[in-house]
Amino acid sequence: MEEIFDAQSKLVPEMVELMKERYRLLKLVKTAGPVGRRTLGELSKMTEREIRTMLDQLREQNLINVSKMGASITNEGIKVLHALETTIDNLSKLSLLAKKLEELLGIQSVKVVGDTTENSSLGIEAAKQFMDEIGDGKTVAVTGGTSIALIPKYIKSSMIQNDLLFIAARGGVGEDIGLQANVIAASFAEACGSSYKAFYYPEALSEEAHKVFRKDPAILKMINLYDNTDCVLHGIGDAQTMAKLRSSSIEEQHLLLEKGAKGESFGYYFDRSGKKVHHIRTVGIQTEQLQKVPLIIAVAGGEQKAEAILSYMASAPKQTILVTDESAANEMIRLLAE
């Protein structure tokens, strides 16, 4: 049963919220029935129009009866409540977990999904947040990495109002071309029916070459785009893992250990308190530019990522939306309680 529900929620992610609303209303009808629309509206904080529509739907499914006395639950409705009780309780548990993390991290919001082996739930939720929140946004910067690469296939172009421009937040990292920011930006553009702008920057430049490279007209145009970015979608990496992906020298990896680096994002390494302890030479969106970005969605999950997520979140912009999973959320709360 759980496998079927998980498959359905991946296919129709909006189904989960709708199911929770109808379950809550059906439970109110069971508790207070027979009960009228006005009373249900006061109890549920829903409008009378919303109540009327939902009651009609529940009645069509033979889950409630409606009479002059009001709405009352049927035997079939009671069976449905019992069948869904465990599933809804699990969903509610995730909501409470998210609310607690929001308060502890001090950011705009946290979305917690159930653990899955493929992390597809992270992609589904991140895509939902992006589609719901992008609004009139124009320019979207995306980083590389597995978590961000999951998102495009769950985006519905019909949900995007504007013609967006996707850009790489910085150069690609590692050998897997499919996980590099330029390729992921192209994937987003294809999913949204929009355009993208590639940005190539070799990371192994000397200080002198880096200074010259920054003066290139194409680089200056990209920096201007970063100054006017409307949305950033990014992952958060474990410091040591990211250093190895970049083929950092043994000396640099030891330096990160000595400085207590736990997490990495945008080429910056952070310690547990959120302090920047190291930064690689690159051209990309800077942390000070992030402060001006209206919509920031960070995506990272897994218990092993908890410390890395906390290290970045300690100094993350307050407008950040974090999409994570249950195991990471529980471990973050445990670490914060130490």
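Selection among SER187, ILE250, LEU225 by position relative to the dipole of the stretch 182-278 gives LEU225 as farthest towards the positive end (Cβ unit charges, Cα centre). The residue list LEU96, ALA71, LEU81 was ranked by how far each Cα lies along the charge dipole of the stretch 66-107 toward its positive end, using unit charges on Cβ atoms, and ALA71 comes out on top.
Place a +1 charge on the Cβ of each Lys and Arg in the stretch 22-118 and a -1 charge on the Cβ of each Asp and Glu, then give the dipole magnitude about the Cα centre in debye, rounded to the nearest 20. Don't skip to the answer; put the middle values down first.
Values: 16 positive and 12 negative charges, 89 e Å.
Its charge dipole is roughly 420 debye.
For GLU303, the shell of other residues with beta-carbons less than 10 Å away shows a net charge of -3, using +1 for Lys and Arg and -1 for Asp and Glu.
Over the chain, give the accessible area per residue in Å² for a 1.4 Å probe, as an integer.
On the way: 17190 Å² over 338 residues.
On a per-residue basis, the chain sits at 51 Å².
For the residue pairs LYS79/LYS128; LYS111/LYS305; LYS128/LYS318; LYS20/LYS100, alpha carbon separations beyond 22 Å are given by LYS79/LYS128.
Positive-end ranking of THR39, SER120, PRO317 along the dipole of the chain, with charges on Cβ about the Cα centre, is headed by THR39. Computed on the chain, with alpha-carbon pairs under 8 angstrom and 6+ residues apart, the relative contact order is 16 percent. Placing a pseudo-label 7 Å from each Cα along the Cα-to-Cβ vector at LYS93 and LEU225 gives an inter-label distance of 4.4 nm. For the chain, taking Cα atoms only, Rg and Dmax work out to 23.2, 82 Å respectively. Carbon-plus-sulfur accessible fraction, the chain (probe radius 1.4 Å, protein heavy atoms only): 51%.
Rounded to the nearest whole Hz, the Karplus-based 3J(HN,Hα) values (6.51 cos²θ - 1.76 cosθ + 1.60, θ = phi - 60°) of the stretch 123-138 follow the sequence x, 4, 5, 5, 4, 4, 4, 4, 5, 6, 9, 5, x, 8, x, 10, with x at glycine and proline. Assuming charge only on the beta carbon of Lys and Arg (+1) and of Asp and Glu (-1), the dipole of the stretch 42-197 about its Cα centre is about 220 debye to the nearest 20. The helix-only estimate of mean residue ellipticity at 222 nm for the chain, built from DSSP H runs of length n ≥ 4 each weighted as -39500 (n - 2.57), is -15000 deg cm²/dmol after division by the residue total.
The values are calculated or read from the model by the stated rules, or taken from the named source; none is laboratory data. Note that the structure is predicted; figures quoted are calculated from it, not measured. We place every Cβ from the backbone using ideal geometry, glycine too, and count neighbours over all the protein chains shown. Remember, those area values only see protein heavy atoms, side chains included, never the ligands or the DNA or RNA. Shrake-Rupley method; radii C 1.70, N 1.55, O 1.52, S 1.80 Å.
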